[in-house]
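Participant: Just dropping this structure here.
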Amino acid sequence: MGFIAKSIVAAAALGALVGTAFAEEAPTPWELKTDMAYGYEKDGKTVAYKMGTANAGRLLKGAKKVPRGTLFFLGQNGQLYMRTGPYLEDGKFMFGADE
């Protein structure tokens, strides 16, 4: 297969992948797992850590439960925010894309 043919096949495959990514309408929920910790570091990166049980008490000391009805989102400045309170209206996200 020549260079041009390979390029066309690669472009078609990439287009198919991108097309399926944009075709998804509903975002998938976070998949939080037991024995894992998730961090938002000072530099704005998110990380995941495998937790142990030996120092679980120390981890829970000072920890707070996240209230139900809490929404997490990244602002335009890349900062992680949380909001408690209503964010659904008639079962739909109140702050959805402008249509």
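Participant: Give me the one-decimal nm value for the distance between modelled label points at LYS50 and LYS33, 7 Å along each residue's Cα-to-Cβ direction.
Facilitator: Simple spin-label model gives 1.0 nm for this pair.
Participant: Something else: Near THR84, within a Cβ-to-Cβ distance under 14 Å, what is the net charge of the other residues, with Lys and Arg +1 and Asp and Glu -1?
Facilitator: So the surrounding residues net to +4.
Participant: A further question follows. Along the range 28-41, what does the Karplus equation 6.51 cos²θ - 1.76 cosθ + 1.60 (θ = phi - 60°) give for ³J(HN,Hα), rounded to whole Hz, x for Gly and Pro?
Facilitator: 7, x, 4, 10, 7, 10, 4, 6, 10, 10, 10, x, 10, 7
Participant: Something else: Taking θ as phi - 60°, what are the ³J(HN,Hα) couplings along the range 81-96 by the Karplus curve (6.51, -1.76, 1.60), each to the nearest whole Hz, with x for Gly and Pro?
Facilitator: 10, 9, 9, 9, x, x, 9, 10, 9, 6, x, 10, 5, 5, 10, x
Participant: Out of all Cα-Cα pairs in the range 23-99, roughly what percent, to the nearest whole number, are more than 22 Å apart?
Facilitator: Everything past 22 Å amounts to 41 percent.
Participant: Something else now. Taking the Cβ of PHE72 as the centre, find all other residues whose Cβ is under 15 Å away and add up their charges (Lys, Arg: +1; Asp, Glu: -1).
Facilitator: Once positives and negatives cancel, what remains is +3.
Participant: Going by accessible area, probe 1.4 Å, with all protein chains left in place, what is the ranking of VAL47, VAL66, largest first?
Facilitator: My answer, sorted largest first, is VAL66, VAL47.
Participant: Then there's this: Leaving ligands, DNA and RNA out of it, rank PHE72, PHE95 by accessible area with a 1.4 Å probe, largest first.
Facilitator: Putting PHE72, PHE95 in descending order of accessible area: PHE95, PHE72.
Participant: On a straight-distance basis, which lysines could pair with LYS42 in a cross-link, Cα separation under 30 angstrom, same-chain partners fewer than 8 positions away excluded?
Facilitator: LYS33, LYS50, LYS61, LYS64, LYS65
The values are calculated or read from the model by the stated rules, or taken from the named source; none is laboratory data. Everything quoted here is computed from the prediction, not taken from an experiment. Ideal geometry is used to build each Cβ from the backbone, glycine not excepted, and the neighbour counts take in all protein chains shown. Only protein heavy atoms, including side chains, enter the accessible area calculation; ligands, DNA and RNA are left aside. Shrake-Rupley method; radii C 1.70, N 1.55, O 1.52, S 1.80 Å.
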